[in-house]
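Written out below as structure tokens is the structure these notes cover.
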Amino acid sequence: MKNLLLIPTMLLAACATTGGGGSKGSTAPFQGQDAVTKRRSEISDAAKTANDDCLKSMKVTDGFHGAMFSVTADAAGKLSIETLRWTGPEAAKQCIVGESSKVTVTPLPGPSVSSTWEWNPPGEKAPAVVMPPDLETKVQSLQTQSQAAVESCEQQNLPPEMPADISVAFLVDAQGKTHGPTVLSSTAKDGGFDGCVQKVISGMQFPASDVQVPYPVTLRFHVGRLEKL
């Protein structure tokens, strides 16, 4: 089957084999786009605590030229954080990382949801998000690898030949590492499959680039039989 690659949104069609693994080990499935939007808003709101307790209380000004973190909320509402960009005192960064572990948001069944925390000094703008111009030509082998891995998720979690579509958004940094994979849509109705695809995305290694800030990518996969048009 022909793979279609769209930048920044990439579409991969994963053709399922005959086997299937049922729904053993499944967790709560994707809860819908509205739930994701609300969850991301809660994560963004939680940044105020880190801002007040760290940047404001420590009066971080000298040497601070901006920060960006990927923040993920699990089903229980616990936050985890990854530094994407930091130009400032190390103590302030460690304070933010520490405060994030104390903050919780409303529990939400289903796959984890990620958003970003970003701060810039007054009068300074964050570097523009730029897509690597040669990204499309460099990810052909990555397409094949990810297709096989998503196909494996289908076999482990869904009935044989069950059709399903899933869309996952994430960020890619200059080293090619992926951050914060978040399911934007899924017809699988199986949390085991959704979570498995998130792990596939987390393990991807994109080509290194000279981008200053992580760039967004959305991958869309189809598994199972293809419905007639």
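Structure above, values below:
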{"read-out": "Test: residue in the stretch 149-159 that is among the polar types (S, T, N, Q), in contact with a strand residue (DSSP E or B) (Cβ under 8 Å, 6 or more places away or on another chain) and surrounded by 16 or more Cβ atoms within 10 Å (Cβ to Cβ)", "value": "no"}
{"read-out": "Within the stretch 182-216, considering residues that are aromatic (F, W, Y) and under 16 Å from S146 (Cβ atoms), the one surrounded by the most Cβ atoms within 10 Å (Cβ to Cβ)", "value": "F193"}
{"read-out": "Any hit, the stretch 87-109, residues being part of a loop (DSSP other than H, G, I, E, B), at pLDDT below 90, closer than 28 Å to A148 by Cβ and not hydrophobic (A, V, I, L, M, F, W, C)", "value": "no"}
{"read-out": "Residue match in the stretch 40-57 (condition: among the charged types (D, E, K, R) and either in contact with a Ser or Thr (Cβ under 8 Å, 6 or more places away or on another chain) or closer than 20 Å to K199 by Cα (or both))", "value": "yes"}
{"read-out": "Some residue of the stretch 75-89 being exposed (fewer than 15 other Cβ atoms within 10 Å of the Cβ) and of a type in the set (D, E, K, R)", "value": "no"}
{"read-out": "Single match in F69, F64 (criterion: in a loop (DSSP other than H, G, I, E, B) and surrounded by 14 or more Cβ atoms within 10 Å (Cβ to Cβ))", "value": "F64"}
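Residue-by-condition table, conditions (1) at pLDDT below 90; (2) among the basic types (K, R); (3) assigned by TED's automatic domain parsing to the domain that holds A47; (4) touching a strand residue (DSSP E or B) at 6+ places or on another chain (Cβ under 6 Å):
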site: S114; (1), (2), (3), (4): no, no, yes, yes
site: K125; (1), (2), (3), (4): yes, yes, no, no
site: S141; (1), (2), (3), (4): yes, no, no, no
site: P163; (1), (2), (3), (4): no, no, no, no
site: V172; (1), (2), (3), (4): no, no, no, yes
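The values are calculated or read from the model by the stated rules, or taken from the named source; none is laboratory data. If you're wondering where the values come from, they're calculated on a predicted model, not measured in any experiment. Heads up, the Cβs are rebuilt from the backbone with ideal geometry, glycines too, and the neighbour counts pull from every protein chain shown.
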